[in-house]
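No value in this document is a laboratory result; all are computed from the given coordinates. Note that the structure is predicted; figures quoted are calculated from it, not measured. Cβ atoms come from the backbone with ideal geometry, glycine included; neighbour counts cover every protein chain shown.
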Amino acid sequence: MAAPITARLAYDLEFFTDFARLYPIRPERADIYSSDPARAENFAFQQSALQGAYLIMAVHAVGLDAGSMGGINTDAADAKFLGGRNWKSNLLCNIGYGDLKGIRAHGSTATVSTRSATSSDGPAIRPDTKKARWEAGLF
């Protein structure tokens, strides 16, 4: 993948300190997370994973490819990386145009090649590459 950018998605372990501003209808919910750091980290991780999924969908919607990787350990770099807050990385996401060279089809692809580049999901944004991948059984 020729990735002109790699996005690092992280979450703020102290997100609850901004609850009154970000969620003014229920500012008292900050107390739930401030009193239980494990619960706060779990919630922040889940929310950042959802936002990462939305990022990947948006990247695909504009015709780019996204190669994401979770399970990274950047604890040393995450210690204090934005505004003095405590952040942790969730995933990295390469964004660019994928390259079909070196990618092999997996499993049985006998019935896959009958599908066209467009489907009920809508038209393919980049039919040149996406159709070639579909026909090669790479989706």
Gain on full stretching of the segment that runs from GLN47 to LYS101 - 0.36 nm per residue minus C-alpha separation: 16.0 nm
Whole-number percent relative contact order across the range 2-99, with pairs defined as alpha carbons under 8 Å at least 6 apart: 45 percent
Overall dimensions of the range 2-99 by Cα: Rg and Dmax, Å: 15.4, 49
Amide proton proximity set for ASP65, modelled H, under 5 Å, gap of 5+: GLY96, TYR97, GLY98
Label-point separation, ASP36 to ILE5 (7 Å along Cα→Cβ), nm: 3.6 nm
